[in-house]
Structure formats: structure tokens, C-alpha cells
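J.: There's a structure below that I have some questions on.
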Amino acid sequence: MHRRFNKTLFALAFACAHAPFAQAQSTEQKIEALQQEIDRLKTDVSRMRAEAAPAREGATSIFGYGEFNYNRFRDSERTSKADLRRFVLGFGHRFNDRLSLHSELELEHAIASHEDEGEIEVEQAYLNYQFSDAVNVKGGLFLIPLGILNLTHEPPTYFGVERNAVETRIIPTTWRELGFGMHGALGASGLRYDVGLTTGFNSGKLDEPTTGIRSAHQEGSQADARDLSLYGALNYQRPGLLVGGGIFTGDTGQNGQANTALRGVQARLTLWDLHAKYGVGRLDLQALYARGTLGDAERVNEVTAPLGFAAPKSMKGWYGQAAYHVYRRGDIDIAPFARIERIDIRQQEDASLGVFQDPNNLERIRTIGVNFYVHPQVVLKADLQRYDTDRTQDRFNLGLGYMF
């Protein structure tokens, strides 16, 4: 591990010393380009050292992240909110050079009690056994590898105060399931795979009209598991580039365990995505497309209609995002960004049940803002969001986030 780390560090240093000078036209430009490379490599080297450190048997690591958000709405009927949105502590332990434990405990909204909206939840808790770089097996509660945000959602790793709507309303980030999986690298190709068998959703628990299938997520808490699900993901990664996609599919009727109206109903959910990230120089680009379908939506209406809304039968969304690092020196990094998103959740209308399409499920969102990093792991954020359909959601956001 240390030999590979030293070779990688040497390669990074070599690239740092030569790449900028090939394009610079003056001494000042050379110095600035070299400094940018050094700043960018600091975080990479620190991460590599952290990964190498726990390789010894019996090593235990502590990590975490958190965020504090302020939302001021334009609509006078909506109350502006300040919130300790998340406080997360993670614990890892390496039993030997092959077997390791990964876990995260999350507190949302500062207080969790019977009278408060806060929650305490286990976000991850799984064991991983590494046969080789190509073959790892894991078991327990782990994140499903769809999209970008679900696997990498620490506040300094994404732009904007709020997590994007496509990866929360279509892909239900943060999304974890109980099960088993296998993952690894396909040689030196830059490709990584992740496949497995897990618990799935329960359509009998749908209770939120504007979040697609999200409210049917069981979160590993006494999950009904008569119907299991399969997932698979493949990603290609090189310095500055990520391209990939994933799919998740399984029945959600659960033989009517949550609602007898779904006894014998399959209600199969299939959800997939394609995504890409590309960084060159000071420019960061990111895009994602996600799509899903829920079978037997007319039967699922028997569950949702008494709650006043029609069941989702298809879900799709996309976003495109661009950020530019206007200033980057030492730990300081200032990056304005812009993002546009489109949400399209189609519902199973039924006049006899009095349920119809909610217009707020057909939405376009525009966000402009800035990430101001005072350290690669600590960020201040500010942005403006505008909604085309539900104008009451228009807002100004402030955020402070960290990870360690």
C-alpha cells in the first residue's frame, strides 16, 4: 500500500512540476498554474494518506460531516427557517487487512423526540471483505450506488446549499438498503462495478405526493422483505472525469404487509440513471438523467387515494450544472455555479377516486450561487432558487458545511 502510495505521489508531483509549464506564456502564469496544481493535489494526497493509514490490523477511524442551513422564502406565507440540518458521525474499524466495518450515525434537525421533527438514524452499517481489488463482498446496511449524490453527499463535495431536487425526489438520496453486494475494480481500466441483492420499497407506505417513490423507502427499519430487489452500477473514473450509471429493480407490493389493498400486487419499481462529471482547469461540469416506473399504479391508488393524492406511475428528471473557480490560493477557493433541473413525476389519475395530477410534480428549478471554501473540508454557501411551477418555493439560501 505504501509503495503504491509513494508511486502515486511521485506521479502527481511529476505532473505538477511539468504540466503547467507546457502551456504558460509568462513567469507569473507559470507560478499561478503551478500553485493551482499544488492546491488541487493537497486534498488528493491527504485522502490517499487517510486511506493508507487504517491498513494495519485493529485500526479504528472516526469521521463525520454536518451542515447548518438558512432558507428565506419570497412568499410571505412561508416561514423562513434556520436549521442544523444534519450532524453525522462515522466509525470505521479494520479487523485485519481484508475485513472492515463501515458505519454512520446521523442526527437531523438538532433534536429528536416525540414532539419534534428531528430523527436519529443509522445511515450505514456494513461489513466489507476484500478478496482483491477486483472482488469485495459487503453485507449490512449500505448506500445504493445510483446517481452521484447518494454516495458522495458531504456538504463540501457538492454545489449549493440544498441537495439538488433530481437526486432527492427521483433518486431518494440518502438511500440505503439492507442486503449483500459485490464490488471492485476491473483491472486498470478505470472501471468499477457494484452489484447486489437488497431489501426494497413498500408501496403500502406511500404518504407524500411530491417525492415520487421516496416515502415508500424502508430505511432498514424492520423492513418488509417478502419482495427483494436487485441493483447494479458501473462507473468509469479518471482524474477529472467520472461517467457511469446504475439500475435498481424489485417489486414493492410486499404482499400487502403495510396495506391489505396490495395483497398479491407486484407494483414493480425500476429506477435507473446516467451521470457524468468533468473538471478541467478551473471549470467543473456535471449532469445527470434519472428515470423510473412503478407498475400497478392503479392498484397503488387504493393506498394513496384516501390520503388525497394519486400514486406515481413514472418519474424522470435531469439537471445540468457548471461551476468556475474564480479564485484558488492555498486553502481558499471561491466557485460561483449555476444549475438547472427538471422534475417530471406522472401520477395515475382516477376520477372515480378523486385523485389527479399534482402540477407541482412537473417542475423546473434554477439555482445560481457560490461555494466559498475556507478549507477543502469547510465551505460557506449562498444561492438563489427559482421554481417555475410552485413559486412559493422561491428562496434565498445560506449554508455552512464541513467534513472530516
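The values are calculated or read from the model by the stated rules, or taken from the named source; none is laboratory data. Here the structure is a predicted model, which is why all the values come from computation and not from measurement. Virtual Cβ from ideal backbone geometry, glycine too; neighbours counted across all protein chains shown. Keep in mind that these areas ignore ligands, DNA and RNA; they rest on the heavy atoms of the full protein, side chains included. Shrake-Rupley method; radii C 1.70, N 1.55, O 1.52, S 1.80 Å.
J.: Give me D for region 79-182 in µm² s⁻¹, whole number, from Stokes-Einstein with Rh from the Kirkwood sum over alpha-carbon pairs, 25 °C and 0.890 mPa s.
T.: Translational diffusion coefficient: 158 µm²/s.
J.: Taking GluC sites (Glu not before Pro) that fall in a DSSP loop and have at most 14 other Cβ atoms within 10 Å as cut points, what is the longest piece of the chain between them?
T.: 118-404
J.: Follow-up. Would you list the P(r) distribution for region 197-281, with all Cα-Cα distances sorted into 5 Å bins from 0 and each bin expressed as a whole %?
T.: Using 5 Å bins, I get a P(r) of 3, 14, 20, 18, 14, 9, 8, 6, 4, 2, 1, 0 for region 197-281.
J.: Moving on to the next point. Running Debye on region 323-404 with equal point scatterers at the Cα sites and no solvent, what base-10 log of I(q)/I(0) appears at q = 0.20, 0.21 Å⁻¹?
T.: Listed by q, the Debye log ratios stand at -0.91, -0.95.
J.: Quote to one decimal, in nm, the extra length available between residue 404 and residue 59 on full extension: 0.36 nm per residue of separation minus the C-alpha distance between them.
T.: Between residue 404 and residue 59, full extension yields an extra 122.5 nm.
J.: Compute the length gained on full extension between residue 132 and residue 234: take 0.36 nm times their separation in residues and subtract their Cα-Cα distance, giving the result in nm to one decimal.
T.: Using 0.36 nm per residue and subtracting the Cα-Cα distance, I get 34.9 nm.
J.: Still on this structure, I have one more. Might you tell me the accessible area per residue for the chain, computed with a 1.4 Å probe and given in Å²?
T.: Accessible area per residue, the chain: 49 Å².
J.: What is the Cα coordinate range of the chain on the first, second and third principal axes, sorted by size from largest, in whole angstrom?
T.: Ordered largest first, the chain gives principal extents of 75, 52, 39 Å.
J.: Calculate what fraction, in whole %, of the accessible area of the chain sits on carbon and sulfur atoms when a 1.4 Å probe is rolled over the protein chains.
T.: For the chain, the apolar C and S fraction of the accessible surface comes to 56 percent.
J.: Report the full-extension gain for the segment residue 208 to residue 388: residue separation times 0.36 nm, less the Cα-Cα distance, to one decimal in nm.
T.: Taking residue 208 through residue 388 to full extension adds about 62.7 nm, to one decimal.
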